[in-house]
Structure formats: structure tokens, C-alpha cells
Amino acid sequence: MGALVKLVDATLFVFFVVIALAAPLIDAQTCLPQSLFPSVLVELKSWYARQYGDYLVTQKPHFFVGIVWLELLFQWPLSIANLYGILAAKSWFNTTCLIYGVSVFTSMVTILSELVQSGKASDKLLYVYFPFLGLGVLAILRGLLPPSSTASSWIGKRPTLGRKKKA
């Protein structure tokens, strides 16, 4: 079970890094003035919206803007805390991971319901959003697992090769 937990943690770590970077740089453009962002990031978001036909990004319906605010004010800080929790093997990681997972899952169900029910979303766009639903489920499951008894911090660990043990 320890190897499975490590694999789940590694997968979550990658997702948390993506969220930690994308939320303030890309997603925040939905609710904040574009003048706050470098033109390259504004162009990147416009390219994404055109390439994938993401009408939620271009039309900014009120529910979507609210979900983005939730992401920025609640989920983004939790993703950063979870990154630290994974790296430092903190005992509270399961709790914050569960909270994060429930929040992301709820947000993604709302967004995917809109995309599917509207009939406006292409399969290409759905394939962009579905992995984040999976992230929510994975974070929930990780939050429900008991803390690993062999959890060890990745911070401050050095290889033991070449060191002599004291007798």
C-alpha cells in the first residue's frame, strides 16, 4: 500500500504544481482586470479559449466567475499547503487533501454539468476539464486513506552514501 500512496502523492504533487502556477497566472484573468497581467499571459489565455472553444472563459458567466474566485481564494492556498504537506510529510496533509478534493470535485461537477447540458462543448474541451474531476476524486481518496506509518519528509534529506556511521 505504501507504493500506491507514494504514486498517488506524486500524481497529486504534479497537479498541485499546475494549480499553484495556473490559478494566479491564467485563471485569475477571469475575475481581475487584464491590465494586471503581462500580454504574453493574456495572449496565452486567448489562444486557449480559441483553440479549445472554451466559451466559459470568453463569456464569463456569473457562476463560472464565482468558481474561479473560489479557486483563487480557497483552492489555490490549499494546493500550496498540500505541496508543502507532501514534501514535508505533514500529519495534516490528509485533512487538507480531503477538503481540497471535495471543493474541486464540486466545482468540476458544476462546470462539467454546464458544458454537457449546454451542448456547446466539444469533446476536445471536455477532455481538458475531465482530468480535474479526476484530480478531485483522487484528492478525496487520498484524504480518506490513513496516514502512512512510513511517511518521511522529502525536505532536508541527503543521501547517506559516503557518510560513516558513528559507533
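The values are calculated or read from the model by the stated rules, or taken from the named source; none is laboratory data. As the structure is a computational prediction, the values presented were derived from the model and not from experiment. For neighbour counting, all protein chains shown are included, and Cβ atoms are generated from backbone atoms with ideal geometry for every residue, glycine included. Protein only, heavy atoms only, side chains kept; ligands, DNA and RNA dropped before computing areas. Shrake-Rupley method; radii C 1.70, N 1.55, O 1.52, S 1.80 Å.
General observations
- For region 16-90, averaging the sequence separation of C-alpha pairs within contact (under 8 Å, six or more residues apart) and dividing by the residue count gives a relative contact order of 49 percent.
- Relative contact order %, region 1-151, counting alpha carbon pairs below 8 Å whose residues are six or more apart: 30 percent
- Here the sum of -39500 (n - 2.57) over DSSP H runs of 4 or more residues, divided by the residues of the chain, equals -22500 deg cm²/dmol at 222 nm, to the nearest 500.
- Looking at the chain, the pairs of alpha carbons with a distance over 18 Å make up 64% of the total.
- Local net charge near Thr106, Cβ-Cβ under 15 Å (Lys/Arg +1, Asp/Glu -1): -2
- Carbon and sulfur %, accessible surface of the chain computed with the full protein complex present, 1.4 Å: 68 percent
- The chain: Lys pairs at Cα distance under 25 angstrom, eight or more positions apart or on different chains: 10
- Angle between the chain longest axis and helix 93-118 axis [Cα atoms, degrees, rounded to 10]: 20 degrees
- Protection proxy ranking of 95-108, 113-126 - average other beta-carbon atoms within 10 Å, highest first: 95-108, 113-126
- The residues of region 26-66 expose on average 59 square angstrom of accessible surface per residue, using a 1.4 Å probe on protein heavy atoms.
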